[in-house]
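Here is the structure we will look at, set down as structure tokens.
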């Protein structure tokens, strides 16, 4: 099927559902169906619409169809010694780039290289009216005014069916090393934030149960110098550790019970929740595993200057996302109405942000 035919079919499908006010569920690889509110509506698969549209290694720009698998993208970039800077998790080989952007998922490198949203240069979507729209483009400085393409990141498909995406990519680091330290949580928070204020090539941190992992990335000389300055113990299989962390294959994530994602101020003091924690992003991302109540998680995050998300497990119908401030919620509703006036696109995936 040609590009034109596929887009036309999507437009007609959306128009039909809008006319009938029938929910439409956008489907990629299905690896992130656990995230967000309950799944509702007939499925519209974007997975068949895949492939690299344009890749210009010298310009550090990649444009792909939304159904393209992350594994295909990463292989193409690796062949040119490049990468997606936000180090996206896939949570399965079927993961697509569209689903990744829809969730705004980023991996361990996020605080040092930017989030998925920060690296999106352009997007082509079919909105809730069945209109084929394009925003942004394939160059870095191309948009005057509001960058609509970045609204798609984290919207969980509620603003439009993404069909094409453009990204800024970066060269892979010339050298990397992982150091391991033994320290308690309070000392870890102080240390990683102090190191972040120094000219060190930090690219990831992760702490669990008294053990801190720190990744250094950059020029070989810079990495070697940082290793001498920081000390610690070098981890021979450092790359495998960060892949396992990114894909939630560490033992910490093996328990199928509730998993909470608390995004807080990096310098926030330890959260005394009485449940196992894994802390990333220099203290800014705190995974909490265990049967917390919704109110417990939200209160703890808010007191630490952030917000809580029921990432996986538990009763999704009871609430997933932290309630928005009234002014922000008003903007959210206006955007939703502008892009999807009939409210048919992925209904319920984000609705309980007001719970």
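Numbers at a glance
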| read-out | value |
| --- | --- |
| Residue, surrounded by the most Cβ atoms within 10 Å (Cβ to Cβ), within the range 151-191, restricted to residues that are closer than 25 Å to residue 219 by Cα and under 16 Å from the mean Cα position of the chain (by Cα) | 167 |
| Conditions (1) under 24 Å from residue 149 (Cα atoms); (2) not assigned by TED's automatic domain parsing to the domain that holds residue 209; number of the one not met by residue 318 | (1) |
| Set 31, 63, 68: member being over 26 Å from residue 314 (Cβ atoms), surrounded by 16 or more Cβ atoms within 10 Å (Cβ to Cβ) and touching a helix residue (DSSP H, G or I) at 6+ places or on another chain (Cβ under 8 Å) | 68 |
| Residues of the range 71-114 that turn out to be free of Cβ contacts under 8 Å to residues at least 24 places away in the same chain and buried (at least 22 other Cβ atoms within 10 Å of the Cβ), as a count | 1 |
| Tally, over the range 115-138, of residues that are surrounded by 22 or more Cβ atoms within 10 Å (Cβ to Cβ) and closer than 30 Å to residue 238 by Cα | 3 |
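The values are calculated or read from the model by the stated rules, or taken from the named source; none is laboratory data. Here the structure is a predicted model, which is why all the values come from computation and not from measurement. Don't worry about glycine lacking a Cβ; one is built from the backbone with ideal geometry, like all the others, and counts go over all protein chains shown.
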